[in-house]
Amino acid sequence: MHCIHFLAPAIALVGLVIQCGTNAAIIPDSLGRRVVVEPRSAHTIQEFPSPGGSAPEPPRWSTRIRDSIVGQLFGRANRHGRRRENQRYLSETAKVVSQYVGDVVLRFTLKTPEEMKALAEASNILLLDVWSTTKTHADIRIAEADACPSLLPIAEGIPPLLDLLPASLQHSHVRLMRDLSQTARDTYPGASPGSRYHGQTPDGVQNLFFEDYQPLDVIQAWMNLLRSLFPSHVEIVSIGKSYEGRNIQAIHVGNQGADGGKKKTIIVTGAVHAREWISVSTVSYLAYSLITGYRRNNDRVLDTIVDEFDWYFIPTLNVDGYVYTWEGDRLWRKNRQPTTLAFCKGIDLDRAYNFHFDGSSQSQSNPCSDMFPGTSPFEATEAKAFSDWTYNMTREGAKIVGLLDFHSYSQQILYPYSYSCNNMPPDLENLEELGFGLAKAIRLVSGEHYEVTSACEGTGFTKYQGTTGGGSMMDFFYAEDRIPYSYQIKLRDTGSYGFLLPKDHIIPAGEESMNLLKYFGMFILDDGSPVQRHSDLKKNKK
């Protein structure tokens, strides 16, 4: 599925623009005219100024060239080549999604600990695909081997599961979506009408990049294009290789500090779980918004957080698994690393870290489980590469103050700890305060409600050993790497589509996440020195 050859001439043209003029030829107009940032007040983090004041200057010829290139690459809906590419996706993905014909996603309402335990045990025995669990319900995908749900009642199609459940759960479930196969197909480019938002991005470019979910090769070409267009504050870095040898790339957004020293660093990740495509688009949207909005939109908050932080955006941490969701299984979750069972590949990258690693026999003995953590910490290649990269950054003087790990779904803002609900983080009050602020920042943009809670309440079957988040990536970076503000953000929706969120949600999810990002940065700036305070806390024993 390599579809980026058409980018080469455009990138070459960008190179000519760079060579034939000064940096002003490809840098936003206001760069070099340093905006004086007003002193922050106690209310700074509550403010999200809209562009105001005098009308902006007309764009220079260089800016028009840049926007035209971006528009030509991703913004012409009637390009014949784009339509042909979409048709190719339609034909190639038909066989990928055909495996879901007859599958259903059921939401079970859970009222007692006994019901939760029974459903957890049944899911483990039958190797079911658990989509989401909360304190009140669980969403589970059921593969109906030979039954057609349009002809047979759900209960007749899935007796193995229901036979393992108590009587109180026999009828305590509802079906979440009508046609799982078609819903999966609609997430691929060209499979359904384009977004009603028409890919509108903050800089006004009609941008098809955000009108569809994008495969890895297009994402990486797009990242390189941004680097070419904005060399003053963008670079592409490799954090390591995946198991299958692919580059795991990050977009670094930032500029040299006034004193030439290291600035505080914030890391933003997506696609730890391969099937969560909205996380990839959201991380890409955040990077694009910072890059193209810097010094252009009279947005004081945006300019401040670019000036004050080094940002690293990793759209796809699980690159192998993400590619496989395009070519083999849209609902694949883990990486693609072999396990002790040849027919069960993959390690859960969110459970593979060396902090309260889940050593329960239930997890380690079941490589076919979607939550398989590996047999030892950092067995997963990508988890080891990510940890090594952050460790090397800190050795070189970086002060990593924040981690935002985007996932889907259920609209939650989760903070440590994931491994247990019995132990609370020592600076719980700070984590909760910022978490509720992030939820409010989203609500101000879209009206969407995001629950704020500890990750142990939002991961697995709460308090049931072997299903919660032992070896959590967030826990590890919070407790071991001393990143004081570490969160997992579970994006849209609350279950109507789950991991198969329609493309109409890409732009709205990006917009509300952008407000979250601004709040996150300004809160940390107003909070003084969270790094020092966090590092002084007594280290938790494993």
Gain upon complete extension [Cys344, Ser238; 0.36 nm per residue less C-alpha separation]: 35.3 nm
What does the highest-first list of 376-382, 281-287, 172-178 look like by mean Cβ count within 10 Å? 281-287, 376-382, 172-178
Among the listed pairs Lys263/Lys399; Lys399/Lys440; Lys264/Lys384; Lys135/Lys490; Lys440/Lys518, give every one whose C-alpha distance is greater than 19 Å. Lys399/Lys440; Lys264/Lys384
Solvent-accessible area of Tyr294, probe 1.4 Å, all protein chains present, reported in Å² to the nearest ten, please. 10 Å²
Would the stretch 216-533 count as rounded, prolate or oblate if I go by the C-alpha gyration tensor, calling it rounded below 1.5 in a/c and otherwise prolate when a/b exceeds b/c, oblate otherwise? rounded
Report for the stretch 216-533 the percent antiparallel among DSSP-assigned beta bridges with both residues inside it, nearest 5. 35 percent
Once you list every other residue whose beta carbon is under 11 Å from the beta carbon of Ala455, what net charge do they have if Lys and Arg are +1 and Asp and Glu are -1? -3
Separation in nanometres of the label points that stand 7 Å from Cα toward Cβ, at His449 and Glu433: 2.6 nm
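The values are calculated or read from the model by the stated rules, or taken from the named source; none is laboratory data. A quick note: this is a predicted structure, and the numbers were derived from the prediction, not measured. Glycine also receives a Cβ, built like all others from the backbone with ideal geometry; neighbour counts cover every protein chain displayed. Surface areas here come from the heavy atoms of the whole protein model, side chains and all, with no ligands, DNA or RNA. Shrake-Rupley method; radii C 1.70, N 1.55, O 1.52, S 1.80 Å.
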